[in-house]
1. If we only count strands (runs of 3 or more DSSP E) wholly inside region 300-385, which ones have 1 or more residues that are touching a Leu at 6+ places or on another chain (Cβ under 8 Å), in the same structural domain as residue 398 (by the TED database) and farther than 29 Å from residue 250 by Cα?
2. Scan 238, 255 and give me the residue that is closer than 30 Å to residue 376 by Cβ and modelled with pLDDT of 95 or more.
3. Determine, yes or no, whether residue 397 is of a type in the set (Phe, Trp, Tyr), crowded, with 21+ Cβ neighbours inside 10 Å and closer than 30 Å to residue 307 by Cβ.
4. Only one of 388, 351 is surrounded by 21 or more Cβ atoms within 10 Å (Cβ to Cβ), under 21 Å from the mean Cα position of the chain (by Cα) and over 28 Å from residue 234 (Cβ atoms); which?
5. I'd like to verify a number: residues in region 192-243 that are in contact with a Pro (Cβ under 7 Å, 6 or more places away or on another chain), farther than 25 Å from residue 313 by Cβ and crowded, with 24+ Cβ neighbours inside 10 Å, how many?
6. Among the residues of region 402-425, which ones are under 13 Å from residue 256 (Cα atoms) and out of contact with any Pro (no Cβ under 9 Å at 6 or more places or on another chain)?
7. Residue pairs, Cβ under 6 Å, 6 or more apart or interchain, first in region 408-427 and in contact (Cβ under 8 Å) with a residue 12 or more places away in the chain and of a type outside the set (A, V, I, L, M), second in a strand (DSSP E or B) and open to solvent by 10 Å² or more (accessible area, probe 1.4 Å). List them.
8. Among the residues of region 269-283, are any among the small types (Gly, Ala, Ser) and not in a loop (DSSP other than H, G, I, E, B)?
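The values are calculated or read from the model by the stated rules, or taken from the named source; none is laboratory data. Quick caveat: nothing in here was measured; it's all calculated off a predicted structure. Neighbour counts are summed over all protein chains in view; Cβ atoms, including those assigned to glycine, are modelled from backbone coordinates with ideal geometry. To get the accessible areas, we keep the full protein, side chains included, count just its heavy atoms, and leave off ligands, DNA and RNA. Shrake-Rupley method; radii C 1.70, N 1.55, O 1.52, S 1.80 Å.
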Amino acid sequence: MQVLTTLPLLLASLPSSSSAAAPPPSGYRFTLTHVDSKGGFTRAELLRRAAHRSRHRAATMLPGYSYSTMSSSSDTRPTRLRSGQAEYLMELAIGTPPVPFVALADTGSDLTWTQCQPCKLCFAQDTPVYDPAASSSFSPATCASASCLPVWSQNCSAAAPCRYRYVYGDGAYSAGVMGAETLTFGSGSGGVSVGGIAFGCGVDNGGLSYNSTGTVGLGRGSLSLVAQLGVGKFSYCLTDFFDTSLGSPVLFGSLAELAPGAAAAAHSTPLVQSPWIPSRYFVSLEGISLGGARLPIPNGTFDLRADGSGGMIVDSGTIFTVLVESAFRVVVDSVAGVLGQPVANASSLDSPCFPAPPGERRLPEMPDMVLHFAGGADMRLRRDNYMSFNQEEAAAFCLNIVGTTSSVSVLGNFQQQNIQMLYDITVGQLSFVPTDCSKL
């Protein structure tokens, strides 16, 4: 199956607002809410849902996981398959007057899109569907515009509307026309509006919506919101996975700096860019330790290779960290040795669980797990960042890491709890520092 060639970056020529009376702010702040926050799920249900989505999303990150599709009966333009199953929602507004826009925040894709009137096929949403005809700030994009990527502008006259189709790995998709619009961040007197944001106006949409009305792309490409805001960096800090009532801050631009007093304790590692999937945030994982002992994982296990295979992706949309099978087995065996208990599901690549002694109702003390990244950057995971206690059915201690037969590993958001993650795209660096995210 042929993989599409890398799309060129078009940041310098993306549309920008010409009507703003004052310079745009240098920083923006949002609050992320978890997609399961309104489901009333138990801890065990949250864990089961998380494990399933982690493996599914990881499988869609492979560079060869793509196919050709049609956006209409006369459209033969292929599209790259994007990852799906984002885990956090952010609230903003679109248009003039502003219409609520509840978006899945996705570091694994670039396009920002929302459902639009007139809908041919749209999933149910709680807020009014955005109507470009009712917005004074909407501007349609033609096939000659910079926001109409080459994959969409083939066989398309310069003055014709730019039609897009964006397909995600879980089968979800959005199709419609590209345009430029005003996005409003925050509400009331504290709201900030930014015009000229390129987005997809989706009139044909399908798949799981997770209570959203669309997606905000936070990847490394020219269409991502990060690139279009021109801020160069963003950070987020994810609160306790099991307390879904807590919001998690996501910060852009000047507000994205590490928490005051935390910079001295921060670790930094280079962001690596894959020519095969350039929107992804790759890092170089060199090894894993448990309790101060380096685990016997061969050097190069997590390397990003020239053919696009391998590597480790940092992702906000994958819950449990996903390790290639050989490394996963080593980690599981090491945790079993610490606990003195055999794994209950030894042959599975799911989150492994270990029987708890009779009467045990909490996790035992566990050593820190350390992920060693290039540049001497060590991410120290406390017990609650990689283990959980399953008190339903048979009581068990569970390792919240899953395995995969694919070549790509993923640093999931369960392991990122209460660690501020700063993506500096300008210098190509990821920095992280332990933080009480509920207080940031």
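1. Details: elements: 312-314, 321-324, 353-355, 369-373, 377-381.
Output list reads 353-355.
2. Values: 255 fails: modelled with pLDDT of 95 or more.
Unique residue meeting the criteria: 238.
3. On the way: of a type in the set (Phe, Trp, Tyr): yes; crowded, with 21+ Cβ neighbours inside 10 Å: yes; closer than 30 Å to residue 307 by Cβ: no.
No: the conditions fail for residue 397.
4. Numbers: 388 fails: under 21 Å from the mean Cα position of the chain (by Cα).
Checking each option against the conditions leaves just 351.
5. So the answer is 1.
6. First, pick out the residues of region 402-425 that are under 13 Å from residue 256 (Cα atoms): 420-425.
Within region 402-425, 421, 422, 423, 424, 425 qualify.
7. Listed by first residue and then by second, the contacts come to 409/324; 424/233.
8. Here is the first cut: in region 269-283, the ones among the small types (Gly, Ala, Ser) are 274, 279.
Next cut, not in a loop (DSSP other than H, G, I, E, B) only: none.
No; the residues of region 269-283 include none that is among the small types (Gly, Ala, Ser) and not in a loop (DSSP other than H, G, I, E, B).
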